[in-house]
Amino acid sequence: MDKMEKRNCKRCEEEFEIGKFSNKYNKLCRDCTREYHRTYRKERSQREPEFKEYIDRQRRFYMRKRLIVTKEKLLSEFGGRCKKCDIADYRVLQLDHINGGGGKSRKNGEFKSTRQFFKEVLSDPGKFQKYQILCANCNWIKRIENGEIRRLEKGEIKSSTTWKEWCKIQGWEYGWGN
Ligand SMILES: [Zn+2]
Ligand SMILES: [Zn+2]
C-alpha cells in the first residue's frame, strides 16, 4: 500500500492521506465520520427514548471506565499502597495532597473533572513531592490531626468527634458517667 496515497473526503471535500480515513474504504475523513455518528446519535435519540437511554448508559460506562483506568494508572505510579498503613486495596486508596488544600483548589473549578485532575497529576514532574497515596482511613485521620477539617467550635458535634474531644470542648471532666 502506498503510504502517500490521497483521497478526497466525500463530506468536507478536503484531500487527506489514506491514513486520515478510519479504513481504506471509508469515504469520510476521521473528523467527518465522528461528526456523522454524532449527528446520527443525536437525531435518533430525539426520536427514540430507548435509544437515548442506551446512548446515555454507554456514555456513562465509558466515562466511568476512563476514570477507573486513569485512577489505576495513577495509583500504580505511586506504588499502589497507602503510605501510612501499606494497604493495597485500590477500592480504598486515595490521592492525598501532602500539604493539604487539594479539595479547595478543585472546588474553585481549577480542574474540569476528577479524571482531568488525575491526568494533570500524572504529567506533573513534581508529583511525588506534592502528592501521596493514603487509604480513606489514614486520609481521614490526617485531615483531622492537621486541622484540614474545619475546627470544631463550642456547641458543635459531629459523628467523627470523640467523646473525649467533646468533653474537652465543653470543659467537662472526661468520663463515662452521665
Ligand atoms: Zn471530511
Ligand atoms: Zn492507610
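The values are calculated or read from the model by the stated rules, or taken from the named source; none is laboratory data. Keep in mind the model is a prediction, meaning the values are calculated, not measured. As a convention, Cβ positions derive from the backbone with ideal geometry for all residues, glycine included, and neighbour counts pool all protein chains shown.
From the list Ser22, Ser76, Ser105, which one is at pLDDT 95 or above and out of contact with any Pro (no Cβ under 6 Å at 6 or more places or on another chain)?
Just one listed residue meets the conditions, Ser76.
Conditions: (1) modelled with pLDDT of 95 or more; (2) among the β-branched types (Val, Ile, Thr); (3) within 23 Å of Gln129 (Cβ to Cβ). Thr114 meets all but one. Number of the miss?
(1)
Given the condition modelled with pLDDT of 85 or more, polar (S, T, N, Q) and surrounded by 11 or more Cβ atoms within 10 Å (Cβ to Cβ), answer yes or no: does some residue in region 156-169 qualify?
No: zero hits.
Would you please name the residue that is nearest to ligand 2 (Cβ to nearest atom), looking only at residues in region 4-46 that are out of contact with any helix residue (DSSP H, G or I) (no Cβ under 7 Å at 6 or more places or on another chain) and assigned to a loop (DSSP other than H, G, I, E, B)?
The extreme case among them is Asn23.
Among the small types (Gly, Ala, Ser) and outside the structural domain of Arg91 (by TED's automatic domain parsing): does that describe Ser22?
yes
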